[in-house]
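To start, the structure under review is shown below, and the notes come after it.
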Amino acid sequence: MNQKLFPLPFNERDLEPVISAETIALHHGKHLATYVNNLNNLLPGSEFEELPLEEIVAKATGGIFNNAGQILNHNLYFEQLQAPSHDNRPVGKLAQAIDEQFGSFETFKEKFTTAATTLFGSGWAWLASDADGNLHILQMPNADNPVTKGLKPLMTMDVWEHAYYVDYRNRRPDHIAAMWQVLNWEVINRRY
């Protein structure tokens, strides 16, 4: 199944000043586009050729896994972003689950921020749920995704340097702190 570049649900400038149009152009138009092209070149003739993306990520290894994982991760990442809002909080049943499992949104935010800022090297911080609806904060290196652990990905922050270097240089904590302003909690709640 041929992969397509995920269409952004916002204009490149809509996330400023948290994420610049230049970063979006590079991150989406170069990095994600390269993963899509690479995977489309690797799939023909493989056992994964006709599988949906999540199934490829759950079953593949090597180059197919790396490119498919990065596509899925980036699709989920870009889909959950919106224009900045300073009073940005979870909504719906996810908000209730966060309060029940973490005590408060502030406690959840602190734990998630720690996971995102302390992940060594490149990768992703995730909020995921299991089959019972329990929430999990995960640090996952490289192209890994919660589906490889039988979990449902709900929210992510990309901590590869290409996600923030133009705007924040090597200041990952500053990037993570700003990212809370651009999360679209309605999209994230629908995933739950």
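Which residue, of W160, W124, is open to solvent by less than 50 Å² (accessible area, probe 1.4 Å) and of a type in the set (F, W, Y)?
So the residue among W160, W124 that is open to solvent by less than 50 Å² (accessible area, probe 1.4 Å) and of a type in the set (F, W, Y) is W124.
Considering only residues of region 56-65 that are assigned to a helix (DSSP H, G or I) and touching a Phe, Trp or Tyr at 6+ places or on another chain (Cβ under 8 Å), which is surrounded by the fewest Cβ atoms within 10 Å (Cβ to Cβ)?
Among those residues, the one meeting the criterion is K59.
One residue is enough: does region 100-120 have a residue meeting the conditions under 16 Å from the mean Cα position of the chain (by Cα), under 29 Å from G62 (Cβ atoms) and hydroxyl-bearing (S, T, Y)?
Within region 100-120, none of the residues are under 16 Å from the mean Cα position of the chain (by Cα), under 29 Å from G62 (Cβ atoms) and hydroxyl-bearing (S, T, Y).
In region 121-167, what residues are of a type in the set (D, E, K, R), farther than 15 Å from F78 by Cβ and under 11 Å from the mean Cα position of the chain (by Cα)?
Listed by number, the list holds a single entry, D144.
When you look at N2, is it closer than 19 Å to A178 by Cβ and assigned to a loop (DSSP other than H, G, I, E, B), yes or no?
Taking the combined requirement at face value, the residue does not satisfy it.
Anything in region 102-113 that is touching a strand residue (DSSP E or B) at 6+ places or on another chain (Cβ under 6 Å) and either charged (D, E, K, R) or exposed (fewer than 14 other Cβ atoms within 10 Å of the Cβ) (or both)? List them, or say none. I'd like the intermediate steps shown before the answer.
Initial filter on region 102-113 (touching a strand residue (DSSP E or B) at 6+ places or on another chain (Cβ under 6 Å)): 111-112.
Within region 102-113, just K111 meets the criteria.
Does any residue in region 100-112 that is modelled with pLDDT under 95 come within less than 8 Å, Cβ to Cβ, of a residue that is open to solvent by 70 Å² or more (accessible area, probe 1.4 Å) six or more places away or on a different chain, and which pairs are these?
Note: no pairs meet the criteria.
Of the residues that sit in region 76-96 and are within 14 Å of the chain's Cα centre (by Cα) and open to solvent by 30 Å² or more (accessible area, probe 1.4 Å), which one is farthest from K109 (Cα to Cα)?
By that ranking, first place goes to E79.
Restricting to region 27-52, count the residues that are out of contact with any Phe, Trp or Tyr (no Cβ under 8 Å at 6 or more places or on another chain) and buried (at least 17 other Cβ atoms within 10 Å of the Cβ).
Residues that pass the stated criteria total 9.
Test each condition in (1) without any contact (Cβ under 8 Å) to a residue 60 or more places away in the chain; (2) among the hydrophobic types (A, V, I, L, M, F, W, C); (3) in contact with a helix residue (DSSP H, G or I) (Cβ under 8 Å, 6 or more places away or on another chain); (4) under 25 Å from Y35 (Cβ atoms) for L151 and report the one that comes out false.
(3)
The values are calculated or read from the model by the stated rules, or taken from the named source; none is laboratory data. Just so it is clear, the model here is predicted, and its values are computed rather than measured. When we count neighbours, we look across all protein chains shown, and the Cβ atoms used for this are built from the backbone with ideal geometry, even at glycine. Each accessible area value is taken on the protein alone, full model and side chains, heavy atoms only, with ligands, DNA and RNA left out. Shrake-Rupley method; radii C 1.70, N 1.55, O 1.52, S 1.80 Å.
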